[in-house]
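These notes concern the structure reproduced below.
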Amino acid sequence: MAEVSINKPHIFQQKLVDIRRHLHQFPELSHEEFETTAFIRTTLEAADIRIASEFNLETGLIAEVGGLHGGPVVALRADIDALPIQEETGLSFASKYGGKMHACGHDFHTAALIGAALLLKEREHELAGSVRLVFQPAEEKAAGAQKVIRAGALKGVRAIYGMHNKPDLPVGTIGIRPGALMAAADGFLVELEGVGSHAAVPEASVDPVVAAAYLVTALQSIVSRNVSPLESAVVSVTRLHTGTAWNIIPEKAILDGTVRTFDAEVRTRVKQRFSEIVTGIASAYGVKASLRWLQGPPSVHNDEALAEAAGKVAKRLGFEVTTPTPSPAGEDFAFYQQDIPGFFAFMGTSGPREWHHPAFDIDERALSVSALFFTELAVDELNRFAAEG
């Protein structure tokens, strides 16, 4: 294992770059990460890292390092899936699959976790417990974390740690925040059904277009009049489908979009008010309304003790620690935090574009930063939990 030692940083960094670039060239969408899983497995097995086959996953995998002396278990998690986006980076290692791209940096997350696994393997005999390595599928569909949980991979785990790249933070900076870091992400689908007619005879219709227009406007009052200025929520209607011709009042209008909240009580209040407004507008304009609520992951909410421990490790390693602004984006890492204590960091990557952009990229120097940070964090936390008994 000497070839990956952090004592040879250039060799170690290049190994992680090679891994990341391979993953970047062969992106796979949620639930389709078969080649990605095989590559991770081969890479870990070559380093004599145990694959925990007792946790059965169709895609993604669980591995473990340590446990030679018993002790507690902590978990490190990376997501492995890509997005249905056509890459426009011009990189020499750009995606070879048309319409698929690692536009959210999950290739970076996966490579960094492999790096942490390699470093932990070198120190296996000194570990005060086991580190469970969770290579999770289907984060972009907010379904992968629940699959991992159902597979039993959190059994016996004292705490779980993860991260997301952050393009607006420089390499060497780690965003650490106790409490809410990322938003609960819910969706909605509203169907308004009226009565169609010729546009020249509107009195013969029950117009769903007018009702939809008022509904879009009325929904904005949820945040402006039902959520305190000291709290936060976002309600966005992102699509409105209706009509077939310029001179026909249609029978239906369909709206969908997203709701983002950071607080569980606010999340409940927004959902209730949303339903009331849909019912009220439908009644006022004489249309029939159906509302389908698409509940996504809850808010990523960091355990205070874990966040404090992470901050100490980052500062000891000489990294810059900042308190980031919470992101309205969602992350299914939050599902883990409903079962066990969890900590999620923002890792500075000096990126040229935001997440999900066709020209998204990361500064690869962040790979070894991330691998070292999570290695030291896992070692420290195992020691802490072992001392607590």
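The values are calculated or read from the model by the stated rules, or taken from the named source; none is laboratory data. Source: prediction; values computed, not measured. Every residue, glycine among them, receives a Cβ derived from its backbone with ideal geometry; neighbour counts consider all protein chains shown. All accessible areas refer to the heavy atoms of the entire protein, side chains included, with ligands and DNA or RNA removed. Shrake-Rupley method; radii C 1.70, N 1.55, O 1.52, S 1.80 Å.
Some values worked out for this structure:
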{"read-out": "Subset of segment 188-224 [among the β-branched types (Val, Ile, Thr), under 16 Å from LYS252 (Cβ atoms), open to solvent by 20 Å² or more (accessible area, probe 1.4 Å) and not in a helix (DSSP H, G or I)]", "value": "VAL195, VAL206"}
{"read-out": "Neighbours by Cβ (under 6 Å, 6+ apart or cross-chain): first from segment 7-36, over 14 Å from ALA82 (Cβ atoms); second aliphatic (A, V, I, L, M)", "value": "PHE12/VAL4; PHE12/ILE6; LYS15/VAL4; LEU16/ALA111; LEU16/LEU367; ILE19/ALA111; ILE19/ILE114"}
{"read-out": "Any hit, segment 323-341, residues being in contact with a Pro (Cβ under 7 Å, 6 or more places away or on another chain), within 21 Å of GLU376 (Cα to Cα) and at pLDDT 95 or above", "value": "no"}
{"read-out": "Yes/no for VAL266 being closer than 30 Å to THR325 by Cα, open to solvent by less than 60 Å² (accessible area, probe 1.4 Å) and modelled with pLDDT of 95 or more", "value": "yes"}
{"read-out": "Any chance ARG50 is closer than 15 Å to SER130 by Cβ and without any contact (Cβ under 8 Å) to a residue 60 or more places away in the chain", "value": "yes"}
{"read-out": "Residues being within 17 Å of HIS301 (Cα to Cα) and among the aliphatic types (A, V, I, L, M) - total across segment 132-170", "value": "5"}
{"read-out": "Any hit, segment 164-175, residues being in contact with a Ser or Thr (Cβ under 7 Å, 6 or more places away or on another chain), open to solvent by 30 Å² or more (accessible area, probe 1.4 Å), of a type outside the set (A, V, I, L, M) and modelled with pLDDT of 95 or more", "value": "yes"}
{"read-out": "Verdict on ALA117 being open to solvent by less than 40 Å² (accessible area, probe 1.4 Å) and out of contact with any His (no Cβ under 6 Å at 6 or more places or on another chain)", "value": "yes"}
{"read-out": "Residue list for segment 327-361, restricted to those being surrounded by fewer than 18 Cβ atoms within 10 Å (Cβ to Cβ) and in contact with a Phe, Trp or Tyr (Cβ under 6 Å, 6 or more places away or on another chain)", "value": "ARG353"}
{"read-out": "Top-ranked residue in segment 154-167 [being assigned to a loop (DSSP other than H, G, I, E, B) and out of contact with any helix residue (DSSP H, G or I) (no Cβ under 9 Å at 6 or more places or on another chain); ranked as farthest from VAL237 (Cα to Cα)]", "value": "GLY156"}
{"read-out": "Residue within segment 72-79 that is crowded, with 17+ Cβ neighbours inside 10 Å and in a loop (DSSP other than H, G, I, E, B) present", "value": "yes"}
{"read-out": "Residues (touching a Leu at 6+ places or on another chain (Cβ under 9 Å) and open to solvent by 10 Å² or more (accessible area, probe 1.4 Å)) located in segment 362-382", "value": "GLU364, SER368, VAL369, LEU372, PHE374, GLU376, VAL379"}
{"read-out": "Residues of segment 232-263 satisfying the condition of being outside any strand (DSSP E or B), surrounded by fewer than 15 Cβ atoms within 10 Å (Cβ to Cβ), without any contact (Cβ under 8 Å) to a residue 40 or more places away in the chain and not polar (S, T, N, Q)", "value": "ALA245"}
{"read-out": "Meets criteria (touching a residue at least 24 places away in the same chain (Cβ under 8 Å), assigned to a loop (DSSP other than H, G, I, E, B), open to solvent by 10 Å² or more (accessible area, probe 1.4 Å) and of a type in the set (Val, Ile, Thr)) for ILE85", "value": "yes"}
{"read-out": "Residue ID - surrounded by the most Cβ atoms within 10 Å (Cβ to Cβ), chosen from residues in segment 301-323 that are assigned to a helix (DSSP H, G or I) and of a type in the set (A, V, I, L, M, F, W, C)", "value": "ALA310"}
{"read-out": "Residues satisfying the stated conditions in segment 168-187, i.e. over 30 Å from PHE274 (Cβ atoms) and either part of a strand (DSSP E or B) or β-branched (Val, Ile, Thr) (or both)", "value": "VAL171, THR173, ILE174, GLY175, ILE176"}
{"read-out": "Candidates SER130, SER95 - the one that is polar (S, T, N, Q) and under 19 Å from ARG20 (Cα atoms)", "value": "SER95"}
